[in-house]
Amino acid sequence: MSTPDLMSKIISLAKRRGFVFQGSEIYGGIGGIYDLGPLGVELATNIKTAWWKNIVRERDNIIGLDTSILMNRKVWETSGHTKSFADPLAECKNCHSRFREDILPKSKNCPICGKNIWTQSRMFNLMFKTHTGPVEDEASETFLRPETAQGIFINFKNIVDTMRMKLPFGIAQIGKGFRNEITIGN
């Protein structure tokens, strides 16, 4: 059985049992986006609780943090995310499928239609852009965090100052990261 067939069967079973549902399913869904069903949210909560207990509560040198999914745009500029957190994108001119250029086969034939007619490569930012406040202008532009670690980095001094931890210590966080993908998958 191929991997896509196996994944389809697993997703079908998980849906029938109430673990996951296709996100926005009644409106056609979005590839790679899933909602946790009643049993899925219970399972996820149990896993998070067990992980938090094992990693944070049972250790003296690890503390917890929960940071915002939105941060000042300067965070992403300083970390280099706005300039380098991108992949090369190529689009097939025949079927309009999009792929990361660096993972296309050596023949450069489109995996969907088999043609070899591509747009010029362009960089595709992997962060979801949004705006804070009522006006959508450059000053209000920011991004949903593509990883949970960034909030840990920018709060490190706050943790040192308030918790009086001695190095080495760790900071744990459970949260969502948002990646904008060229090819949405499972």
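Remark: region 1-142 carries 71 Å² of accessible area per residue (probe radius 1.4 Å; ligands, DNA and RNA excluded). The heavy atoms of His131 offer some 60 square angstrom of accessible surface to a 1.4 angstrom probe. For region 1-132, the carbon plus sulfur part of the accessible surface works out to 55%, probe radius 1.4 Å. Considering only Pro38, Pro111, Pro168, the mean-square fluctuation computed in a Gaussian network model of the chain, springs between alpha carbons under 10 angstrom, is largest for Pro168.
Which entries in Lys74/Lys166; Lys129/Lys176; Lys74/Lys129; Lys83/Lys129; Lys74/Lys157 show an alpha-carbon gap greater than 19 Å? Pairs exceeding 19 Å: Lys74/Lys166. Take every Cα pair under 8 Å whose residues are at least 6 apart in sequence, average their separation, divide by the length of the chain, and the relative contact order is 23 percent. Looking at the chain as a GNM with Cα springs under 10 Å, which of Val75, Val20, Val135 has the largest mean-square fluctuation? It is Val135. Please enumerate, by chain and number, the aspartates and glutamates with C-alpha under 16 Å from the C-alpha of Lys48, excluding those fewer than 8 residues away in the same chain. Partners within reach: Glu58, Asp66. Assign one of three labels to region 103-159, namely rounded, prolate or oblate, based on the Cα gyration tensor with a ≥ b ≥ c the square roots of its eigenvalues; rounded applies when a/c is under 1.5, prolate when it is not and a/b is larger than b/c, and oblate otherwise. The shape class here is oblate.
Using a probe of 1.4 Å on the protein chains alone, the accessible area found for Ile117 is around 80 Å². Comparing mean-square fluctuations of Met127, Met165, Met71 from a GNM of the chain with C-alpha springs under 10 Å, the top value falls on Met165. Ordered by solvent-accessible area of protein heavy atoms (1.4 Å probe), largest first, the residues Ile30, Ile152 come out as Ile30, Ile152. When only alpha carbons are used to place a centre, region 61-75 and region 1-57 end up 25 Å from one another. Of the GluC sites (Glu not before Pro) found in region 1-99, those that fall in a DSSP loop while having at most 11 other beta-carbon atoms within 10 Å are Glu58.
The values are calculated or read from the model by the stated rules, or taken from the named source; none is laboratory data. Every value quoted in this text rests on a predicted model; they were computed, and no experiment measured them. Please note: Cβ atoms are built from the backbone with ideal geometry, for glycine as well, and neighbour counts cover all protein chains shown. For accessibility, only protein heavy atoms count, side chains too; no ligands or nucleic acids. Shrake-Rupley method; radii C 1.70, N 1.55, O 1.52, S 1.80 Å.
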